[in-house]
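Engineer: Got a structure for you, written out below as structure tokens; questions coming shortly.
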Amino acid sequence: MYPPGGSRQPEVDFEQIIAGLRTNFAKVTERLGGGGVGLAVVLIVGLIVVIWAASGIYTISPGEQAALRLFGAVQEPPVDETGLHWWWPGPVGKKDVFLVNQVRRMELGFRSGEGVADASVPDEALMISGDLNIVDVRMVVQYDIKSLTDFLFRVDDPGEPDRIIPPGQPDGLTLKDASESALRLVVGQRSIGDVLAEKRLQIETSTKERLQDILDSYNTGLNVISVALQNVQAPEEVRAAFNDVLQARQDKVTAVNQAQAYENQVEPEARGQAQQIIQPAEAFKEARIARAKGEAERFTSVLTEYRKSRDVTRQRLYLEAMEDILPGISKIIVSPEAESVLILGGGGGGANRLIPVPVGPSPQP
């Protein structure tokens with residue numbers, strides 16, 4: 001019988017086991033004649049059985065899983081429920097408890113240690129780029145276990161003493177060789193400029209994807225969390241020249257960024273000045289259009305009135321025109337019978353004046 005939750009392990013009824021042991025002890029005692037020797041033998045055998053059964057008790061902590069085997073056959077799925085569990089002790093059954101969510105680390109192209117400088121491993125670090133240049137690449141792979149059964153029983157790995165990886169686990173030489181193959185494949189498709197600076201993020205992403213595909217094809221049970229390039233540089237003989245090239249590219253990027261910043265500063269100012277010119281022009285345009293429409297409507301209204309009464313409208317227009325014209329000129333009105341001269345003030349602001357004229361005899365013809 002299996003408990004709910006899917007863990008394929010039998011429930012243990014200790015009371016039933018103890019009762020069965022008592023019954024067996026009684027039968028054995030009867031066969032041995034019920035003497036003290038027989039009782040001692042039974043107690044010793046029972047103690048051995050209890051100790052053997054108790055050795056099957058194990059604990060699952062958070063983040064751990066247990067791979068169970070019964071007579072060598074792997075039980076699926078692994079046990080991941082935290083707490084105390086029991087499984088058949090050896091040689092009947094075996095159990096392997098692993099911390100599956102622990103982030104593990106593998107270094108490629110160098111070896112680091114506490115208190116010492118990173119030691120380069122040229123056999124792993126040196127590789128050829130797509131433009132046939134030699135480049136020194138160092139990489140760190142972080143991974144964990146996504147399938148404990150595959151991790152323990154699908155790959156027979158010789159291990160790796162440098163990282164204290166025991167034989168049988170695929171994160172030894174299998175992981176290192178797969179990582180090196182994926183990295184060399186990706187670097188071999190890129191130029192050395194891309195590897196050194198320009199497309200490092202894309203190289204990391206592509207390497208991670210290819211490495212995960214290789215590990216999945218081998219059924220290693222490993223999950224690649226991240227791939228990070230640590231120190232990418234040209235070989236020692238030409239490193240100075242490549243550093244100059246990289247510095248020039250950085251200067252180029254800096255100059256471009258400064259130019260873009262200047263553009264972002266000047267362009268809004270120019271647009272603001274253009275709006276300051278456009279808005280008054282638009283206002284002037286609207287005013288002229290409104291004025292022209294008003295004059296057109298005024299002419300239309302006058303034309304309508306003119307058509308209704310032409311003589312009156314013509315006379316009114318004449319008088320209005322005279323009102324606009326006459327104030328700007330001076331006029332002298334003389335009559336032969338008049339005894340005075342009437343001078344009408346012009347546009348200079350002068351008042352109308354009446355000048356008397358002396359009356360004398362009419363001139364002889």
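Engineer: Being touching a residue at least 12 places away in the same chain (Cβ under 8 Å), out of contact with any helix residue (DSSP H, G or I) (no Cβ under 7 Å at 6 or more places or on another chain) and part of a strand (DSSP E or B) is the filter here, so list the residues in region 144-174 that pass it.
Structural biologist: D144 - this is the single residue of region 144-174 that is touching a residue at least 12 places away in the same chain (Cβ under 8 Å), out of contact with any helix residue (DSSP H, G or I) (no Cβ under 7 Å at 6 or more places or on another chain) and part of a strand (DSSP E or B).
Engineer: Going residue by residue through region 175-187, is there one that turns out to be part of a loop (DSSP other than H, G, I, E, B) and either more than 19 Å from the chain's Cα centre (by Cα) or at pLDDT 95 or above (or both)? Please lay out each step first, then the result.
Structural biologist: Initial filter on region 175-187 (part of a loop (DSSP other than H, G, I, E, B)): none.
Among the residues of region 175-187, not one is part of a loop (DSSP other than H, G, I, E, B) and either more than 19 Å from the chain's Cα centre (by Cα) or at pLDDT 95 or above (or both), which makes the answer no.
Engineer: Kindly indicate whether any position in region 55-65 is outside the structural domain of S226 (by TED's automatic domain parsing), over 41 Å from the mean Cα position of the chain (by Cα) and not in a strand (DSSP E or B).
Structural biologist: Checked against the condition, which is being outside the structural domain of S226 (by TED's automatic domain parsing), over 41 Å from the mean Cα position of the chain (by Cα) and not in a strand (DSSP E or B), region 55-65 yields at least one hit.
Engineer: How many residues are of a type outside the set (A, V, I, L, M, F, W, C) and within 27 Å of the chain's Cα centre (by Cα) if we restrict to region 230-260?
Structural biologist: Residues of region 230-260 of a type outside the set (A, V, I, L, M, F, W, C): 230-231, 233, 235-237, 239, 243-244, 247, 249-252, 254, 257-258, 260.
Applying the additional criterion that residues be within 27 Å of the chain's Cα centre (by Cα) yields 230-231, 249-252, 254, 257-258, 260.
The number of residues fulfilling the criteria is 10.
Engineer: Next question, about the same structure. Return the only residue of D177, D144, D194 being touching a strand residue (DSSP E or B) at 6+ places or on another chain (Cβ under 7 Å) and of a type in the set (D, E, K, R). Spell out the reasoning first.
Structural biologist: Working: D177 fails: touching a strand residue (DSSP E or B) at 6+ places or on another chain (Cβ under 7 Å); D194 fails: touching a strand residue (DSSP E or B) at 6+ places or on another chain (Cβ under 7 Å).
When all the criteria are applied, what remains is D144.
Engineer: Taking region 193-228 on its own, how many of its residues are hydroxyl-bearing (S, T, Y), surrounded by 16 or more Cβ atoms within 10 Å (Cβ to Cβ) and part of a strand (DSSP E or B)? First the steps, then the outcome.
Structural biologist: Taking region 193-228 and keeping what is hydroxyl-bearing (S, T, Y), we get 205-207, 217-218, 220, 226.
If we keep only those that are surrounded by 16 or more Cβ atoms within 10 Å (Cβ to Cβ) as well, we get 206-207, 218, 220.
This time we only want the ones that are part of a strand (DSSP E or B), so: none.
Final tally of qualifying residues: 0.
Engineer: Return yes when E64 is surrounded by 14 or more Cβ atoms within 10 Å (Cβ to Cβ) and at pLDDT 65 or above and no when it is not.
Structural biologist: Details: surrounded by 14 or more Cβ atoms within 10 Å (Cβ to Cβ): yes; at pLDDT 65 or above: yes.
Considered against the rule, which asks whether it is surrounded by 14 or more Cβ atoms within 10 Å (Cβ to Cβ) and at pLDDT 65 or above, E64 comes out as yes.
Engineer: Okay, moving on. Run S181 past the list (1) farther than 21 Å from V97 by Cα; (2) touching a residue at least 40 places away in the same chain (Cβ under 8 Å); (3) out of contact with any Phe, Trp or Tyr (no Cβ under 9 Å at 6 or more places or on another chain); (4) not acidic (D, E) and report the number of the one that doesn't hold.
Structural biologist: (2)
Engineer: Does V256 meet the test of being in contact (Cβ under 8 Å) with a residue 24 or more places away in the chain and among the β-branched types (V, I, T)?
Structural biologist: Numbers: in contact (Cβ under 8 Å) with a residue 24 or more places away in the chain: no; among the β-branched types (V, I, T): yes.
No, not satisfied.
Engineer: Another question, if that's okay. Take the residues in region 67-106 that are surrounded by 13 or more Cβ atoms within 10 Å (Cβ to Cβ) and of a type in the set (G, A, S), then tell me which one is farthest from P170 (Cα to Cα).
Structural biologist: Here the residue is G93.
The values are calculated or read from the model by the stated rules, or taken from the named source; none is laboratory data. Please read all numbers here as calculations on a predicted model, not as lab measurements. Cβ sites come from the backbone with ideal geometry, for glycine too, and all protein chains shown count toward neighbours.
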